[in-house]
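Have a look at the structure below before the remarks.
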Amino acid sequence: MNIYTCNNIYNKVFQHRVYIFREFKKKINKLSQIKLFDKTVKATQIFSGFWFLWPTSVSKNNINAIKEVTLVPSVTEIADKMFETGKYEECYNMLIKYKIQNDVEIKWRVCRALYNMAKESKYNKKMKKELILQAYNVVAEELETNPDNFAVQKWYALILDAKSSNEGIQKKIEQLENVKKHMDLAVTLNPNDASLLHMLGEWCFQISELPWHQRKTADAVFAPLPYSTYEDALEYYLRAEAAQPRFYSINLLRLGCCYLKLKKEDQAKYYLKLAASYPAKSDDDHRANKEAAELLKKFK
């Protein structure tokens with residue numbers, strides 16, 4: 001094959017990539033039209049274009065053929081960007097089209113989207129429970145086949161906690177140690193994940209928040225509760241902040257709360273001010289803004 005022929009081939013590939021990119025931009029702008037659990041032909045048509053993203057090489061056997069590329073990297077990258085901007089439902093609607101591929105990277109992201117959808121105020125209590133149950137069924141299956149996947153362990157722990165909370169105080173208490181076990185397994189697999197470190201801090205914080213009389217009642221009626229301290233929680237929250245500064249408004253709020261509990265007002269003010277002024281993109285952010293502002297009033 002001479003150089004002129006090669007140049008023609010790669011020019012065609014490049015032109016194809018430009019065309020696909022333009023078409024993709026048009027299709028991605030239509031994502032907002034897809035509603036939760038929508039199964040229309042229109043939705044299928046919109047997402048079918050993802051199969052042809054980013055052709056990168058020419059087949060050795062056929063110079064006119066474009067090598068097939070993997071779907072997952074493109075889909076997961078787009079899903080992550082949607083998730084980061086708080087577009088949880090749109091993220092779910094896209095990922096669910098590819099769930100049949102049985103890819104763990106798709107499935108744990110489906111669970112992540114469902115979990116965060118269940119935290120949004122626009123859904124009623126019944127719908128929130130259904131979203132969590134749907135997420136649990138998916139992630140529990142993945143845990144059986146992918147126990148060494150950090151994200152599976154992490155989201156199993158978080159979703160198990162939410163599911164047990166929906167089932168009542170007894171189930172919540174019974175699963176506390178199990179939730180912590182899967183968090184610990186996840187942090188062993190990835191010790192620098194900020195959101196996971198925050199989860200461990202949250203586990204310690206919520207245990208520490210229980211008043212003495214409630215702890216005694218729970219011990220007598222249900223099962224012995226695990227023990228933790230505000231110092232334990234603070235350590236995890238600080239590690240989360242060190243791993244990824246300002247990544248989560250609630251982490252900033254909790255840092256302020258822990259320092260308040262430990263009578264360290266200067267540090268408490270610093271983090272509460274950060275939480276109160278955090279750009280609000282989600283219900284959690286609005287909650288952090290409000291609670292931090294209320295706590296700051298105590299210093300005046």
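The values are calculated or read from the model by the stated rules, or taken from the named source; none is laboratory data. On a predicted model such as this, the values are computed, not experimentally measured, just so you know. Don't worry about glycine lacking a Cβ; one is built from the backbone with ideal geometry, like all the others, and counts go over all protein chains shown. Remember, those area values only see protein heavy atoms, side chains included, never the ligands or the DNA or RNA. Shrake-Rupley method; radii C 1.70, N 1.55, O 1.52, S 1.80 Å.
Structure notes:
- Unit charges at the beta carbon, dipole of segment 97-142: most positive-side option, ILE106, TYR123, ASN137: TYR123
- For a straight C-alpha distance cut-off of 17 angstrom, the aspartates and glutamates reachable from LYS97 (same-chain residues fewer than eight places away being disregarded) are ASP38, GLU77, ASP80, GLU89, GLU105.
- Stokes-Einstein translational diffusion, segment 179-250 - Kirkwood Rh over all Cα pairs, 1.002 mPa s, 20 °C, in µm²/s: 165 µm²/s
- Cross-link check: pairs LYS119/LYS172; LYS81/LYS172; LYS99/LYS128 evaluated at a Cα-Cα cut-off of 23 Å; pairs beyond the cut-off: LYS81/LYS172.
- One decimal place: the segment LYS99-SER277 gains 60.3 nm when fully extended, by the rule 0.36 nm per residue minus the C-alpha distance.
- Available extension along the chain between LYS298 and GLU141 is 51.8 nm, counting 0.36 nm per residue and deducting the alpha carbon span.
- By a 1.4 Å probe calculation restricted to protein chains, SER121 has an accessible surface near 90 Å², given to the nearest 10.
- Within segment 97-229, the proportion of Cα pairs with more than 21 Å between them is 44 percent.
- Distance (nanometres) between label positions extended 7 Å along Cα→Cβ at GLU231 and GLU174: 3.4 nm
- At a probe radius of 1.4 angstrom, the accessible area of segment 199-300 per residue rounds to 56 square angstrom.
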